[in-house]
Amino acid sequence: MKKEKRIKKDERILRKFIEVYCKQNHLKKGVEEYKDGYCKECYELLQYSLERLYNCPLEKKPQCKHCKIHCYKPQMRQKIKEVMKFSGMYFLKRGRLDWIFHYFF
């Protein structure tokens, strides 16, 4: 897969997974929307993740959990793992296997 196509795919997945996490865990619980449908914390996580995605030095980028170069700060890495786990389960429970397939393939 070409790098630009992979980046677009990964960006779409990041945006959707963080959006679901934010809506279910923050916005529904009264946290104020900051920008583009995200609370401030989730918007900052999204921007941080996109920056890492665009600046990945590896030609064939592996999934971050399998990468030998961890470019995320430990606390941000933990947060994105939490988001991916929550959103993955959210999509599975609602029969949205298409998003899960996009994530793995």
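With the full set of protein chains in place, find how many percent of the accessible area of the chain is carbon and sulfur; take the probe as 1.4 Å. Walk me through the intermediate numbers first.
Values: 3960 of 7290 Å².
Of all accessible area on the chain, carbon and sulfur atoms account for 54 percent.
Starting from 0.36 nm per residue, how many nanometres of slack lie between E4 and K73 once their C-alpha separation is accounted for? Before the final figure, lay out each step's value.
Numbers: separation 69, 0.36 × 69 = 24.84 nm, distance 2.46 nm.
Stretched out fully, the E4 to K73 stretch lengthens by 22.4 nm.
Helix 40-54 against the longest principal axis of the chain: what's the angle in degrees, Cα atoms only, rounded to the nearest 10?
Result, in degrees: 10.
Suppose we flag trypsin sites (Lys or Arg not before Pro) only when DSSP calls them loop and at most 16 other Cβ atoms lie within 10 Å. Which is the longest uninterrupted stretch of the chain?
Answer - 3-59.
Specify which labelled value, from (1) 41, 30, 22; (2) 46, 28, 28; (3) 90, 29, 23, agrees with Cα extents along the principal axes in Å derived from the coordinates of the model shown.
(1)
Filter the GluC sites (Glu not before Pro) in segment 29-85 to those in DSSP coil with at most 16 other Cβ atoms within 10 Å of their Cβ, and list the result.
Passing both the DSSP loop test and the Cβ count: E32, E33, E59.
Can you tell me the orientation of helix 3-25 relative to the chain, as the angle in degrees between its alpha-carbon axis and the longest Cα principal axis, to the nearest 10?
Approximately 20 degrees, to the nearest ten.
Name the chymotrypsin sites (Phe, Trp or Tyr not before Pro) in segment 1-59 that are in a loop by DSSP and that have at most 16 other C-beta atoms within 10 Å, would you? Before the final figure, lay out the partial values.
Values: sites: F17, Y21, Y34, Y38, Y43, Y48, Y54; in loops: Y34.
Those that pass, being in a loop and sparsely packed, are Y34.
Lysines near K60 by alpha-carbon distance under 27 Å, same-chain residues fewer than 8 away left out - which ones?
Here the lysines satisfying the reach criterion relative to K60 are K2, K3, K5, K8, K9, K16, K68, K73, K79, K81, K85.
Show that you can apply the helix-only estimate: for the chain, add -39,500 (n - 2.57) for every DSSP H stretch of four or more residues, divide by all residues, and state [θ] at 222 nm to the nearest 500.
Working: 4 runs with 66 residues, N = 105.
Value at 222 nm, helices only, nearest 500: -21000 deg cm²/dmol.
The values are calculated or read from the model by the stated rules, or taken from the named source; none is laboratory data. What you are looking at is a predicted structure, and each value in this text was computed from that prediction instead of being measured. Reconstructed Cβ throughout: ideal geometry from the backbone, glycine too, with neighbour counts over all protein chains shown. Surface areas here come from the heavy atoms of the whole protein model, side chains and all, with no ligands, DNA or RNA. Shrake-Rupley method; radii C 1.70, N 1.55, O 1.52, S 1.80 Å.
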